[in-house]
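Here, each number is a calculation from the coordinates, and none is a lab measurement. From a predicted model like this one, the values you see are computed outputs, not experimental measurements. Here the Cβ is made from the backbone with ideal geometry for all residues, glycine too, and neighbour counts use every protein chain on show.
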Amino acid sequence: MHSFRYIQNRLHCESTDLESLAQKHGTPLYVYSKETITSHFTRLDGALNEVDHLICYAVKANSNLAVLHTIAKLGGGFDIVSGGELFRVLKAGGSASKCTFAGVGKTRGEIEFALHEGIYSFNAESESELRHLNQIAGDLGKKAPVALRVNPNVDAGTHAKITTGKKENKFGVEFERVIDAYAAVAQDCPHLEIRGVQMHIGSQLTSIDPFVQAVQKVAPLVEQLKEKHQLQFFSIGGGIGIVYRESLDSGDPSWWGDKPESDRPLTIGAYASALVPLLAPLKLRILLEPGRFMVGNAGALLTKVLHLKQGGAKKFVIVDAGMNDLIRPTLYEGWHQIAPLNKPATNTLEKVDVVGPICETGDFLAQDRELPPVHEGDTLAVLSAGAYGFTMASNYNTRPMPAEILVDGTKAHVVRERQTLDDLIRGEHIPSD
């Protein structure tokens with residue numbers, strides 16, 4: 001699932017020693033494996049060979065130019081949710097003709113930019129947005145390619161903050177309204193070109209059942225719309241979950257941490273075997289929008305132990321990475337495997353909270369986690385941090401953003417420099433008296 005493993009008792013990303021990267025570039029430090037990204041893309045791509053398809057990587061998961069360039073070179077498309085993400089895709093060598101533009105609040109400037117660049121499709125989230133797109137395209141003398149996002153009211157069975165396919169979520173048009181909405185486009189929106197249908201029910205799904213339920217519900221609707229509107233594609237969204245705890249060598253030491261009950265693998269084979277038979281009869285291009293699956297296990301956040309503190313109720317491991325660097329544990333109760341860069345010689349465990357330097361009680365990377373003894377000056381790897389890590393990071397507490405490294409075998413490329421203190425105030429001005 002990923003390319004992080006112990007080699008001679010030192011944790012490596014591919015063939016690169018992580019301790020050497022921490023010493024050279026400092027911490028906190030994001031490290032990504034090109035091998036893992038490539039493997040995940042090619043495995044998913046190959047599993048869908050029986051249907052015409054395009055993998056549109058969800059840029060919001062990790063938008064580093066080097067990551068986007070890697071996926072573009074593999075032939076991937078992109079799922080974007082802002083004009084800024086489209087700008088990044090283009091700078092990384094991607095093409096707007098392989099981009100779908102999602103999101104409930106696209107601005108006029110973003111829409112104009114996407115139309116000028118030749119976007120493959122806008123995934124419209126409301127009937128109001130369709131009218132908005134029609135007006136802007138007309139003003140520019142263009143036709144805007146569109147797909148309507150269907151809200152199938154299917155419970156993804158995942159965290160409430162990453163569920164998107166239920167009626168109470170802000171995304172998409174209610175299932176019962178979709179046919180009328182497409183009819184209105186055909187009749188009243190001469191500057192729109194209907195290209196497809198889109199859906200997405202949520203993120204980090206570890207069971208195939210919600211995917212099957214959603215496709216089974218929406219596929220007959222797609223068949224109806226295909227006959228009336230000459231559809232080109234059906235996008236089934238993303239959401240394939242990843243495993244947040246994996247073996248780092250041939251053994252399986254208990255100190256890697258207890259596996260969360262919800263953390264169960266959904267294999268690519270099981271995913272394709274269940275969905276391809278449902279999708280092939282549609283004879284449409286199938287779009288997928290994986291994000292976390294592509295890059296989640298490909299990244300680690302390296303952080304140094306600053307202090308050990310024995311409180312009255314808990315022992316704290318205080319590290320130099322905080323919630324501003326990786327907010328998933330605080331925001332989503334996200335569980336990340338934490339491993340020392342130097343493999344412990346003992347199986348002795350102690351229960352600790354791994355916390356950061358941010359002035360917030362909610363600043364933690366792990367709570368009540370059983371880890372082997374660590375010491376001040378040790379470096380830890382917070383694994384499976386390649387998705388929604390750096391992209392959700394901030395300068396809270398006026399802290400510079402970490403550097404990012406892309407590893408390719410024995411080569412380690414700096415793909416984003418660490419912010420300086422001057423970078424933090426660039427663009428700010430004190431008014432003259």
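Remarks
- Protection-proxy order for peptides 20-28, 307-315, each taking the mean of Cβ atoms within 10 Å per residue, highest first: 20-28, 307-315
- Taking a point 7 Å out from the Cα of Asp188 in the direction of its Cβ, the residues of the range 119-151 whose backbone N falls within less than 13 Å of it are 127-135.
- A cut-off under 12 angstrom between Cβ atoms defines the neighbours of Ser63, and their net charge, with Lys, Arg +1 and Asp, Glu -1, is +1.
- Highest mobility in the GNM of the chain, judged by mean-square fluctuation with C-alpha springs under 10 Å and restricted to Ile240, Ile268, Ile338, is found for Ile268.
- Among Arg149, Arg195, sorting on how many other beta-carbon atoms sit within 10 Å of each Cβ, with the fewest leading, yields Arg195, Arg149.
- Taking amide H as placed 1.01 Å from N in the peptide plane, Ala366 has its amide H under 5 Å from the amide H of Val354, each at least 5 places away in sequence or on another chain.
- Counting every pair of alpha carbons in the range 297-425, the share spaced more than 25 Å apart comes to 25 percent.
- What you get for the range 297-425, charging only the Cβ of Lys and Arg (+1) and of Asp and Glu (-1), is a dipole of about 240 debye around the Cα centre.
- Model label points for Gln213 and Leu421, set 7 angstrom from Cα along the Cα-to-Cβ axis, are 5.4 nm apart.
- Among Arg369, Arg328, Arg43, residue whose mean-square fluctuation peaks in a GNM of the chain (springs only between Cα atoms under 10 Å): Arg43
- Glu50 versus Gln224: modelled label distance in nm, points set 7 Å from Cα along the beta carbon direction: 2.7
- Here the range 294-357 and the range 10-52 have alpha carbon centers that stand 20 Å from each other.
- Taken one residue at a time, the phi angles of the range 53-58 give Karplus couplings (6.51, -1.76, 1.60, θ = phi - 60°) of 8, 9, 8, 9, 4, 6 Hz. Gly and Pro are set to x.
- Annotation: amide H-H contacts under 5 Å for Phe122 (H modelled 1.01 Å from N, sequence separation of 5 or more, or interchain): Phe101, Val146, Ala147.
- Summing +1 for each Lys or Arg and -1 for each Asp or Glu among the other residues whose beta-carbon sits under 12 angstrom from that of Pro290 gives 0.
- Here the extension length gained between Lys24 and Gln367 equals 120.5 nm, from 0.36 nm per residue of separation less the Cα-Cα distance.
- Taken one residue at a time, the phi angles of the range 9-14 give Karplus couplings (6.51, -1.76, 1.60, θ = phi - 60°) of 6, 10, 6, 10, 9, 6 Hz. Gly and Pro are set to x.
- Amide H contacts of Ser95 (H built 1.01 Å from N, in plane; Pro and chain starts excluded): no residue 5 or more places away or on another chain comes under 5 Å.
- Each part gets one Cα centre, and for the range 225-240 versus the range 78-93 those centres are 22 Å apart.
- Of Ser82, Ser121, the sequence from fewest to most neighbouring Cβ atoms within 10 angstrom is Ser82, Ser121.
- Each listed q (0.19 Å⁻¹) maps to a log10 I(q)/I(0) for the range 339-394, found by the Debye formula over equal Cα scatterers with no solvent: -0.83.
- Selected from Asp353, Asp423, Asp368 as most flexible by GNM, with the chain as the system and alpha-carbon contacts under 10 Å: Asp423
- The smallest convex shape that holds all Cα atoms of the range 34-290, its convex hull, gives 124 Å³ per residue.
- Projecting label points 7 angstrom from Cα along Cα→Cβ for Asn397 and Glu350 puts them 2.2 nm apart.
- In a fully extended conformation the segment linking Arg5 and His307 would gain 106.1 nm over its present Cα-Cα distance, using 0.36 nm per residue.
- For the chain, taking the reciprocal of the average inverse distance between every pair of different Cα atoms yields a Kirkwood hydrodynamic radius of 22.9 Å.
- Sorting Ser63, Ser128 by the number of Cβ atoms found within 10 Å of their own Cβ, with the fewest placed first, yields Ser128, Ser63.
- Each 10 Å bin from zero holds the following percent of Cα-Cα pairs in the range 357-433: 12, 34, 35, 14, 4, 1.
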